[in-house]
Each structure stands twice: as structure tokens, then as C-alpha cells.
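Here is the structure we will look at.
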């Protein structure tokens, strides 16, 4: 299954990123055919890197963790936070949005404890909202801990990568999304996003 890597940079690592970029790109190129999408997380005005967001196909969490252990950025100390979760793309239904019309904004959201009741109560409204706004979604779907736990009651978060001209419009979308409104999520990683992988 696909695994999301939400990798957040530490402070003052611009030089480390620059020095190890070629090595990281080569490392990613080795698994290019397994990458669903991937790129750089940025600050809101898109002038500085803030991390990396990769979605890569692996048989299980152990394989996903083993790959990260070899990342040049990770081993150089670029990242201060590393979150790995299983991911199922749901919207758009036909796969990744074929065209990026504006700018991409990435939201990785982790559920509050014992979120199943909230998810169950509000899933229909959540799905209706996503279907109504499909034209603004690059990729959306639920998060899981591992490939052997992918039922509805195993969902532990969501990824939204959305396409809007401005951060304000992306935030308006996020704050209207029913799971967000109803308190399903507890932890939020929110960044501008530049999609770069898989390489053609």
C-alpha cells in the first residue's frame, strides 16, 4: 500500500538541504516507479522549504521505515519530525488530479484519540463535501498505521492536498470540511506544497 511520509525540517537546515539535495534526489529516483506523488513542503509564501511530503508504495510499514532510514536528508539531520502512515487515495476517484490549476496546499491531519464515533457520525457529510469540491482536490484519503489494518475503524487521520490560488482560499476549504468542523482531528501539519515526483 502507499505510505505517506510527513517529514518536517528542523531549524536552520537550509544549508543541509542544499548540500544533500543531489543525494536525496538520487535516492528518490531509485524508487521513482513506486512514488505516487512527492515533493517539498514550503512556507506560506513559497520562498523556503519546510519539509518533504512523499507517498510511496511499500508492502508494509517495516519496509517504509527501512527506506526512510537510508534517506540522505534524514541522515544529515534535515528533519526534526518524521511521521509515516499508510494512505489510501480516495478523491479524485480516477486518481491524482491530472491538472494543477493554481497552487497546491498540503494538510496532514492526525485524529484525536477515540475518533471512530466522530468519523462514523460525520462520514456521509465528509464524503459529500469532498465530492462537491473534487475540482479543487489533488489527492485526498485516510491514514492507517500499517497495511494489515485498513478497515474503516482503523483510520487514524487524513491527507488533503488541495488546489487553490491562495492560502486563504485553501484554509476556507479546510475549515469547512466536516471532519475538521466536528473535531475529528487533533494534530495538523499545514504547508504550501510543490509536487516534484514521480519524475518523468
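Laboratory data are not the source of any read-out in this text; all were calculated from the coordinates shown. Here the structure is a predicted model, which is why all the values come from computation and not from measurement. Here Cβ is always computed from backbone atoms with ideal geometry, including for glycine, and neighbour counts include all displayed protein chains.
Values as computed for the structure displayed
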| read-out | value |
| --- | --- |
| Relative contact order (%) - the range 2-197, alpha-carbon pairs under 8 angstrom, separation at least six | 30 percent |
| Largest-first principal axis extents, alpha carbons of the range 1-84, Å | 34, 23, 21 |
| Calculated diffusion of the chain, Stokes-Einstein form, Kirkwood radius summed over Cα pairs, 4 °C and 1.567 mPa s, µm²/s | 76 µm²/s |
| Rounded, prolate or oblate (a/c below 1.5 giving rounded, otherwise prolate when a/b exceeds b/c) for the range 121-200 by Cα gyration tensor | oblate |
| Folded to 0 to 90 degrees: helix 167-176 orientation relative to the chain principal axis, Cα | 40 degrees |
| Computed FRET value (nearest 0.05) for residue 181 with residue 48, which takes r as the C-beta separation and R₀ as 45 Å | 0.90 |
| Residues 56, 137, sorted so that the one with the fewest Cβ neighbours within 10 Å comes first | 137, 56 |
| Rounded, prolate or oblate (a/c below 1.5 giving rounded, otherwise prolate when a/b exceeds b/c) for the range 74-143 by Cα gyration tensor | oblate |
| Principal-axis tilt of helix 14-29 within the chain, Cα atoms, nearest 10 degrees | 80 degrees |
| Spatial separation of Cα centroids for the range 95-109 and the range 1-52, in angstrom | 16 Å |
| Tensor-based shape of the range 110-154 (alpha-carbon gyration tensor, a/c under 1.5 rounded, otherwise prolate or oblate) | oblate |
| Order of 6, 80 - criterion: other Cβ atoms within 10 Å of each residue's Cβ, fewest first | 80, 6 |
| Residue exposure sequence - 164, 179, 152 - by fewest surrounding Cβ within 10 Å | 152, 164, 179 |
